[in-house]
Amino acid sequence: MTTIKIITDSSCDLPKMIVDELGITIVPLSVHFGEECMPPHMELCDFYARMKTESVLPKTSSPSPLHFLTDYQKKAEVNQDILVICLSSALSSTYNHALMAKEMLIEEGYQGRIEVIDSKTASLGLGVLAFKAAKMAENDVPFEQIVEAIRCSVASSGTLFFLDTLENVIKGGRLDRVRGAVASVLNIKLVMKASEEGSIEVMDKIRGTQQALKRMIAKVGEAVHDYDKDVIAVAHSNCEERAREVLNQLLQKHPFRNVLFANMGTVIGTYAGEGGVLIAY
């Protein structure tokens, strides 16, 4: 067993097979329709179908500090150092709760090493960071080097989103209904990105799905990549065929050896809506 434990939250959208293989601990956020809490492994097709019938978006809730503390204590008991990588603090209180739990653990007398990092991103943007950290831990890279590498990756990574529907943006109050209706009639698609501060901002407004997806792929090409070491990741909100095509086009231009592919979970799917595609690198 590695002496370094990687902890992240359920907004990371990492496939379960990879989470299990690398021994990553996932602290869950919760998703509620009214007073009803959705089961952690709800069928995503059912989730998107229900979301279409609701007049308001479901609510997401971050894990409590006590939830994080419980997981920290389990790792401390077996003398594991702890690296926690969280959903952007600009989008959720998850990071702040993880920090509070760290202080609580230290007050209990914990003598090991624990670091909490704000990923400043979401979905597989966060997942890529947790994957990289877990791979380094698996290969016995020293704790300080992993922390430094992940902090550098936070600064150098990119996360791009394509929204197929504006309905969730409208329901969430991020776009007024009149302008949203006009954009829908004109077939305007939003291409968004994670900013340096970790918020989500509009990068482009483009007419047509294919043009919007091409813009995202072109944006990936503007960065410098080490195809042997870097990771490319594509997540989708219940539109696997579309996302597979995006991934194929990406790999034709950029032959990354490390590839992640996943369906977005309910946390990120709440805001993306059905048909969305995310690229992280």
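The values are calculated or read from the model by the stated rules, or taken from the named source; none is laboratory data. Quick caveat, the model's predicted, so the values are computed rather than measured. Cβ coordinates were reconstructed from backbone atoms using ideal geometry, including for glycine residues, and neighbour counts include every protein chain displayed. Please note that ligands, DNA and RNA were not included when accessible areas were found on the heavy atoms of the full protein model with its side chains. Shrake-Rupley method; radii C 1.70, N 1.55, O 1.52, S 1.80 Å.
Connecting C-alpha atoms closer than 10 Å in a GNM of the chain, tell me which of 132, 120, 52 has the biggest fluctuation. Maximum among the listed residues: 52. Dividing the summed helix terms, -39500 (n - 2.57) for each DSSP H run of n ≥ 4, by the number of residues in the chain produces a 222 nm estimate of -13000 deg cm²/dmol to the nearest 500.
To test your reading of the geometry: what angle, between 0 and 90 degrees and rounded to tens, separates the Cα axis of helix 240-253 from the longest principal axis of the chain? Value to nearest ten degrees: 80. For residue 3 and residue 55, a Förster radius of 45 Å and the Cβ-Cβ distance give a FRET efficiency of 0.35, rounded to the nearest 0.05.
Comparing 76, 30, 56 along the charge dipole axis of region 7-105, the residue lying farthest to the positive side is 56, per the Cβ-charge model.
State the extension gain, in nm to one decimal, for the chain segment bounded by residue 45 and residue 78, taking 0.36 nm per residue of separation less the distance between their alpha-carbons. Walk me through the numbers on the way to the answer.
Numbers: separation 33, 0.36 × 33 = 11.88 nm, distance 3.92 nm.
Net length gain for the segment: 8.0 nm.
Comparing 248, 263, 96 in a Gaussian network model of the chain, where Cα atoms under 10 Å apart are tied by springs, the biggest mean-square fluctuation is seen for 248. Between region 22-84 and region 90-136, how many Å separate their Cα centres? Using only Cα atoms, the two centres lie 15 Å from each other. Per-peptide packing, taken as the mean over residues of other Cβ atoms within 10 Å, places 207-216, 231-240 in the sequence 231-240, 207-216 from highest down. Using the Cβ-Cβ distance between residue 111 and residue 17 with R0 set to 25 Å, the FRET efficiency works out to roughly 0.15.
For the residue pairs 16/229; 5/102; 229/253; 74/102, the alpha carbons lie more than 19 Å apart in 16/229. For the chain, modelled as a Gaussian network with Cα springs under 10 Å, which listed residue fluctuates most, 65, 39, 255? Maximum fluctuation in the GNM of the chain, among the listed residues, is at 39.
Within the accessible area of the chain, what % is carbon and sulfur when the probe is 1.4 Å and the other protein chains stay in place?
Details: 6690 of 13430 Å².
C and S fraction of accessible area: 50 percent.
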